[in-house]
Structure formats: C-alpha cells, structure tokens
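A.B. asks: Below is a structure I'd like to ask you about.
The values are calculated or read from the model by the stated rules, or taken from the named source; none is laboratory data. Values in this document were obtained by computation on a predicted structure and should not be read as measured data. Virtual Cβ from ideal backbone geometry, glycine too; neighbours counted across all protein chains shown. These area figures cover heavy atoms from the full protein model, side chains too; ligands, DNA and RNA do not enter into them. Shrake-Rupley method; radii C 1.70, N 1.55, O 1.52, S 1.80 Å.
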Amino acid sequence: MAASVVSAQGADYILQQNSVPFTQVPAREPASAPAVAPIADAALPDFAAAKVRIGLLLPLSSPALGEAADVVRQGFNAAREVDGRSDTAVVEAVFSDEAAVLPAYRDLIAKGANVVVGPLTRTGISRIATQVSVPTLALNSLEGLPLRPKLYALSLSVDAEAKQVAAMMADNGHQHPLLIYGKDGLSQRLRQTFAGVWQVKRGTLPLQLAMDEAHGAALDAALTQSDSVFLALSGEEAALARSVLPQALPAYGTSTLNVRESLPTLSGVRFVDMPWLLMPDHPAVRAYPRPAHTLTVATERLYALGIDAYRLAQRLAVQKNLSGLRLDGVSGDLRLGRDQQFQRTLPAWVRGELQ
C-alpha cells in the first residue's frame, strides 16, 4: 500500500503493516473454506422494504485507501453470503476523500439505512461523529473522541494486543520483563502501552532496552534482572533480537510476529493473533470463504474485520439492549465495552506449535 495509507491511519498498525503489494506473498491454502455461491440479485430484498438496511461507508474510490477498503468489503460480502437473510439488504456509499465522508453518510441515511458500517479512518469518524443518527459501526478507534449515542467501533488496534500480552505475562507469574523496542512508530506504541499496563499491574515499569543496544554488556546487565522478554518489534527484528537471547528465557510478542517468512529463532515465542489466521479449521472460522485473491497477512486481517463487521451490523440493527454485546468473531472474541468500542480478546499461540 502507498505510504499515504500509513500516515492517514496514525497508529493503526494493520494499515501500517500493509506496505507490500497484495500479490507478493502467497495466501494460505483455502482447502478448509467452504464453496459458497454469491447471493443472487433476485434473492435480495428491495432496500427500502428490508427490515435490516445496512449502509456500507468505505472510501472505495480513494487512491490511497481504496485497496484496503475493498478488502474490508470483500470480507463483508463473504459474511453476507453465509449469514445473509431475506430481511437484510445492503447499499454502498461511493466516495474518494475524507471531505466526502459526511455527505456520503447523510446519503445513506436518506436512502433509509438503519445501521451503517464505516468509516475506515479516524479522520472520517471525527467528521460524522456529531451527525450519527442510527447505530454506526466505525472501523477504527474512537480514541480522543467524546462518546456519542449510537456510535460504536470495531478496530484492529495494536494497543489491545499489547495490553493482552502484558496481562498474560503477569498471569504467567513473570515479575521482571525485559522490553526490547525499535525506532519505528509501531514499536514505540507497543512499548508505551505495554509499559503502562505493566506499571498498573506490578507497580513498576519494565526494564527497557532499545533494539540497537540489545547486545554486549548492556544486554548482559539487563538479562541478570529479567525473567522474561516482550518483543515490541516486527517479525524480522524480533527474530534478530531472539537470536542473542537465552533460549530458556520466556519470550512474548503481538501479532507483528505472525509472519509467513520462516524465522527459526522465533520458535517457541508466545504471541496473540486473530482466529482467522491461527485457527483456519475451527468451525466458526471455516464457515466463511477465504479471499478469492492473494492477500498479505496484514490484509487478511482487514478481510476478517469485514466479516465481523457484517455480523455485528445485523445485531446492532435489531438488538435493543447492547450492553455487553458479544460475538465469537473471526477477528477475535468481541465484547462491547463501556467506551462503546468492541474489545478483542485473541487466542495465544506459540511459534511452531499449538498453544
């Protein structure tokens, strides 16, 4: 994806990771995926007559975000093929830039949408926030925005993963983790979040070491005070760091370590990621068709996001009491929090073996 995608998303690591063309990395074999025929137009209800009327608000014609938006739409349509009902219809808003988000949203409402999925960016969310009039599922974080009635969020935030790993390490009895971090913005975000959670849980900050200092005397001194390590790094950097660490030292990371490249030194490292990538043969995952075209690991996550977005949209449209709304999703175990954002709990895995 273009660099402008990265800058538009800030710390949204899914789009940050999406830095290579879709066709460069082979997709996982879709042998376990069912063959699902597309819904015939004749089987779809008229939009105005449908009980559940979903408006899809994605920048599909954007030069910078169009590819990512289309992957989300593919996942959305995959769920629609499997879970679509005779009383549900979908209409899409077509726009290219952030300035058009609010007019597109208003157009969907005027057409009768009683639930909206989107926008994809934080800027887009901020533009529609004060105008939300029906349940609206934004596909990014609501961080920094005041709570608005009927505005909810499903995102693939790096913060949630770092928080979950910190809690997992604490639950596993670790007292003195070594946090190794890099220079890039994603690594810094992982570092900040993990350290903050650890301080709350243990009352102290973890020992921290920059990647370019993780060798020689500095590393030796850090290891004498550490009982575990959190790798706030990309897969390749984590593999390099792990190669100079004692193999017996328990090591942890986030989904940034789940790459398709063979990285032998990461064997045994614990990390978290979504069921869509870790558990393709689970019945709840296998129910949905795999992408028709080759995607990267990062864009596979956007596809899974689209699947769960459709499933949640159906619930948001008809369910009156949303308190604690939960979905066993392909992007994680989703539960609606008091901040109106769906919190994702991910399965823990070990590189090279089943958890």
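A.B. asks: Within segment 106-131, how many residues turn out to be among the polar types (S, T, N, Q) and under 14 Å from PHE95 (Cβ atoms)? So that I can check it myself, show each step before the final result.
C.D. replies: Residues of segment 106-131 among the polar types (S, T, N, Q): 114, 121, 123, 126, 130-131.
Retained after the next criterion (residues that are under 14 Å from PHE95 (Cβ atoms)): 121, 123.
Residues that pass the stated criteria total 2.
A.B. asks: Checking the structure you have, find out if any residue of segment 26-49 is modelled with pLDDT of 50 or more and of a type outside the set (A, V, I, L, M, F, W, C).
C.D. replies: Yes, some residue in segment 26-49 is modelled with pLDDT of 50 or more and of a type outside the set (A, V, I, L, M, F, W, C).
A.B. asks: Let me ask something additional. Just to verify a result, which residue in segment 204-220, among those that are of a type outside the set (A, V, I, L, M, F, W, C) and assigned to a helix (DSSP H, G or I), is farthest from VAL165 (Cα to Cα)?
C.D. replies: Going through segment 204-220, the residues of a type outside the set (A, V, I, L, M, F, W, C) turn out to be 204, 206, 208, 212-213, 215-216, 220.
Narrowing further to those that are assigned to a helix (DSSP H, G or I): 212-213, 216, 220.
On the way: ASP212: 23, GLU213: 23, GLY216: 27, ASP220: 24 Å.
Restricting to residues being of a type outside the set (A, V, I, L, M, F, W, C) and assigned to a helix (DSSP H, G or I), the top hit is GLY216.
A.B. asks: Does ARG191 count as open to solvent by 50 Å² or more (accessible area, probe 1.4 Å) and under 24 Å from SER331 (Cα atoms)?
C.D. replies: The answer is yes for ARG191.
A.B. asks: In the list ALA78, ALA99, which residue meets the criterion of being open to solvent by 10 Å² or more (accessible area, probe 1.4 Å) and in a helix (DSSP H, G or I)?
C.D. replies: ALA99
A.B. asks: If you go through segment 251-269, how many residues are hydroxyl-bearing (Ser, Thr, Tyr) and over 15 Å from the mean Cα position of the chain (by Cα)?
C.D. replies: 4
A.B. asks: Pairs only if they're at least six apart or on different chains, beta carbon under 8 angstrom, first in segment 118-131 and on the phi > 0 side of the Ramachandran plot and open to solvent by less than 10 Å² (accessible area, probe 1.4 Å), second assigned to a loop (DSSP other than H, G, I, E, B) and not acidic (Asp, Glu); list them, first residue then second.
C.D. replies: What qualifies is GLY118/LEU139.
A.B. asks: Are any of the residues in segment 161-175 touching an Asp or Glu at 6+ places or on another chain (Cβ under 7 Å) and buried (at least 16 other Cβ atoms within 10 Å of the Cβ)? Please lay out each step first, then the result.
C.D. replies: The first filter runs over segment 161-175 and keeps only residues touching an Asp or Glu at 6+ places or on another chain (Cβ under 7 Å), leaving 174-175.
After this cut, where a residue has to be buried (at least 16 other Cβ atoms within 10 Å of the Cβ) as well, the list is 174.
Yes, the conditions are met somewhere in segment 161-175.
A.B. asks: Return a yes/no flag: does segment 141-159 have any residue that is of a type in the set (Lys, Arg), open to solvent by 20 Å² or more (accessible area, probe 1.4 Å) and touching a Pro at 6+ places or on another chain (Cβ under 7 Å).
C.D. replies: Yes, the conditions are met somewhere in segment 141-159.
A.B. asks: Next up: Taking LEU178, is it closer than 17 Å to PRO246 by Cβ and open to solvent by less than 40 Å² (accessible area, probe 1.4 Å)?
C.D. replies: Spelling it out, LEU178 is indeed closer than 17 Å to PRO246 by Cβ and open to solvent by less than 40 Å² (accessible area, probe 1.4 Å).
A.B. asks: Being of a type in the set (S, T, N, Q) and within 22 Å of LEU240 (Cα to Cα) is true for just one of SER157, SER187. Which residue is that? Break it down stepwise before answering.
C.D. replies: Details: SER157 fails: within 22 Å of LEU240 (Cα to Cα).
After ruling out the rest, the residue left standing is SER187.
A.B. asks: Tell me the residue from LEU249, LEU219, LEU223, LEU278 that is surrounded by 19 or more Cβ atoms within 10 Å (Cβ to Cβ) and either in contact (Cβ under 8 Å) with a residue 12 or more places away in the chain or of a type in the set (Gly, Ala, Ser) (or both), please. Full working, then the answer.
C.D. replies: Details: LEU249 fails: surrounded by 19 or more Cβ atoms within 10 Å (Cβ to Cβ); LEU219 fails: surrounded by 19 or more Cβ atoms within 10 Å (Cβ to Cβ); LEU223 fails: surrounded by 19 or more Cβ atoms within 10 Å (Cβ to Cβ).
Answer to the selection: LEU278.
A.B. asks: Another one. Given the criteria farther than 30 Å from ASN114 by Cα, surrounded by fewer than 24 Cβ atoms within 10 Å (Cβ to Cβ) and polar (S, T, N, Q), does THR256 qualify?
C.D. replies: no
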